[in-house]
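Right, one structure below, let's go through it.
The values are calculated or read from the model by the stated rules, or taken from the named source; none is laboratory data. Here the structure is a predicted model, which means the values were calculated and not measured. Cβ coordinates were reconstructed from backbone atoms using ideal geometry, including for glycine residues, and neighbour counts include every protein chain displayed.
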Amino acid sequence: MATDDDDDEGLRFYDDDCEEDDEAGWLAAEADEDDVGLLEEADLLLLLPDDRRADCRAITQESLPAAQQQDLSAVMNLLNIKQHAARTLLIHHRWKMHCIYDHLDRKGRGRMLTEACIVLPENNSMSAAGSRTHPTRVTCNVCFEDLPITEASTMDCGHCFCNDCWTEHFFASINSGCKQIRCMEVNCKAICDEDMVRRLVDQKYPAASKRFSRLLLESYLEDNDSVKWCPSAPHCGRAIQVAAAGDERHSEVACPCGVAFCFSCTAPAHSPCPCPMWEKWEAKSHGDADSVKWILANTKSCPRCSKPIEKNGGCNLVQCKCGQCLCWLCGAPTGKEHTWERISGHSCNRYKEEEEEEAGDKVVDARRQQMQRYAHYWDRFNIHAGSRAAEQRQLGPAIEQRVRKLESDFARQRLNQNGGWLGTALRRLLSSRQALSRSYAFAYYMFDGGGGEFEAHPAERASLAVARNLFEDQQQQLEHHVEHLSRMLAADVPEEVAVAKQDAVNLAKIVEAICGKMYRCIQDELLPLLVQPMSIPAYRPDGPDKAEEFVRA
């Protein structure tokens, strides 16, 4: 499934690493106040985001067993336990290795294994291996048959039953979709050895044995908080594993197939808008957008009941079902007396400034104001999304052609011959456009657009006003510089390549810095004020973290 996030797959730009120092030096160059802002080099460096990126791997059906075995082997070697015990421990901790290291350090090996219902054979005095007597026959406590010891099996917990009873217990558990089969003994929570399960079931129910192996393999995806299927449609067959330095749930990743998505909600990447707000925005925009535009264009709100009214006649005196009459031209309440030329006692040909109106004459229409407010944010959301799509469609091929032209011009100096800076500037433009578009979805709900659903703490009202001003100032600055960068990239590269390169690199860095500031304002200044806690991914100038195909070590 192609999304608006797979923007860089078709662009082939070549950055010269040796020019990074030169580009960093250009940040200190003086900039035109009206064009590229007044950020100093020190300010830019402070605003650049942390360059630590999430460790992302793309796992296919073919590489899934190797990826799972890698984690199992790590736990087996760390704790000196069998594979089924390692799997039990990993599932208990949702396959999070850092949780296992933390519990091992705080609780110790024994307590950690006990909490995960893992029983080790060497700790069990009842085990057959540890018994001083070596009986040749045993009695199964399920079927009460007396049989040779070779026809019975003992689990790590020490409970022994005949192989036929074990087989039927395993078969019934597998049919119910159980991948962690517990011992048959009453109140015993020990997990049975998966190798023994396969060996016994395979003799009588080979299909069930294969299903059990598949269930164990799928547990790496279903019980793993660090792995999620790529949401592409049709599905590309990959699962993405994220091992982030912080909280991997709040990150955005890009599958090798080109689909970028939020790892928390698996929706298309939507930062800097948090997941709960984005979910509401998507539902509202898909269901309400056309209706809101039609209502705003074709209706007026009743001054009494606030319901929308559609005009179905030629006279400008309109009467609502509630009985209220109003003027269609201005929406103000009127009486019923009228002629074809005028409404008795009413005139609205003169424009009145809002502050000059009497308070009692203002039409209070909360519903229409809410629709107009939504239309404000919805329009700007779509304008920037449309601009990004047009820039990706038109600027992408044009800039690729300019890069080839520069690189084929051997008359230029080598430093001016490289055109990688054009590709970098375009990526900054596209990612900033996308952030701008989504920032309007965030602003709609953050600032009283959710009908009270996303409320700030009552004690934080004053802080919210200050943080809102900061956010909107940054949003305005970002819009200004993004538009300038778009115009700059749309123009042909002049003969003075060095000057154009300096301006483009400087402006791209400023756009990156302001965008990073806006992200941090949302995360650090605005979201903490809400009653409902939420978070957004860290700002990534080049977009979501790219997942690499898993390669077995």
Among (1) surrounded by 13 or more Cβ atoms within 10 Å (Cβ to Cβ); (2) modelled with pLDDT under 65, the one test that Glu354 misses: (1)
Report those strands (runs of 3 or more DSSP E) wholly inside region 136-205 carrying at least 3 residues which are surrounded by fewer than 16 Cβ atoms within 10 Å (Cβ to Cβ). 146-148
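Residue-wise test of (1) surrounded by 15 or more Cβ atoms within 10 Å (Cβ to Cβ); (2) under 25 Å from the mean Cα position of the chain (by Cα).
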{"site": "Ala491", "(1), (2)": "no, no"}
{"site": "Glu495", "(1), (2)": "no, no"}
{"site": "Asp503", "(1), (2)": "yes, no"}
{"site": "Asn506", "(1), (2)": "yes, no"}
{"site": "Lys509", "(1), (2)": "yes, yes"}
{"site": "Glu512", "(1), (2)": "yes, yes"}
{"site": "Leu526", "(1), (2)": "yes, yes"}
{"site": "Pro533", "(1), (2)": "no, yes"}
Considering only residues that are among the small types (Gly, Ala, Ser) and touching an Asp or Glu at 6+ places or on another chain (Cβ under 7 Å), look in region 255-264 and name the one that is modelled with the lowest pLDDT. Gly258
Just to be sure, is Asp43 modelled with pLDDT under 90, surrounded by fewer than 16 Cβ atoms within 10 Å (Cβ to Cβ) and in contact with a strand residue (DSSP E or B) (Cβ under 7 Å, 6 or more places away or on another chain)? no
Scan region 213-235 and give yes if some residue there is out of contact with any strand residue (DSSP E or B) (no Cβ under 6 Å at 6 or more places or on another chain), closer than 16 Å to Arg57 by Cβ, among the acidic types (Asp, Glu) and not assigned by TED's automatic domain parsing to the domain that holds His98, otherwise no. yes
Specify which of the listed residues (Cys236, Cys273) is surrounded by fewer than 19 Cβ atoms within 10 Å (Cβ to Cβ) and either in a loop (DSSP other than H, G, I, E, B) or hydroxyl-bearing (Ser, Thr, Tyr) (or both). Cys236
Which condition number does Cys315 fail, the rest of (1) of a type in the set (A, V, I, L, M, F, W, C); (2) closer than 29 Å to Asp448 by Cβ; (3) at pLDDT below 75 being met? (2)
Flagged in region 357-408 as under 35 Å from the mean Cα position of the chain (by Cα), basic (Lys, Arg) and modelled with pLDDT under 80, in numbering order, are Arg367, Arg368
Quick one: Gly246 ticks every box in (1) more than 21 Å from Gln68 (Cβ to Cβ); (2) at pLDDT 85 or above except a single one, so which number is it? (2)
In region 409-418, residue modelled with the highest pLDDT [restricted to those that are out of contact with any Asp or Glu (no Cβ under 6 Å at 6 or more places or on another chain) and closer than 25 Å to Ile510 by Cβ]: Asn416
I'd like the full set of residues that are surrounded by 16 or more Cβ atoms within 10 Å (Cβ to Cβ) and among the aromatic types (Phe, Trp, Tyr), limited to region 68-114. Trp95
Here is a list of conditions, (1) under 19 Å from Ala441 (Cα atoms); (2) part of a helix (DSSP H, G or I); (3) at pLDDT below 90, and Pro533 meets all of them except one; can you say which number that is? (2)
Selection within region 421-473 - among the basic types (Lys, Arg) and over 21 Å from Ala513 (Cα atoms): Arg461
Does region 539-551 contain any residue that is in a helix (DSSP H, G or I) and surrounded by fewer than 21 Cβ atoms within 10 Å (Cβ to Cβ)? no
Yes/no for Ala208 being at pLDDT 90 or above and either at positive phi or not β-branched (Val, Ile, Thr) (or both): yes
Filter result for the condition that a residue is in contact (Cβ under 8 Å) with a residue 12 or more places away in the chain, of a type in the set (Gly, Ala, Ser), assigned to a helix (DSSP H, G or I) and more than 27 Å from Pro397 (Cβ to Cβ), over Ala459, Ala508, Ala441, Ala504: Ala441
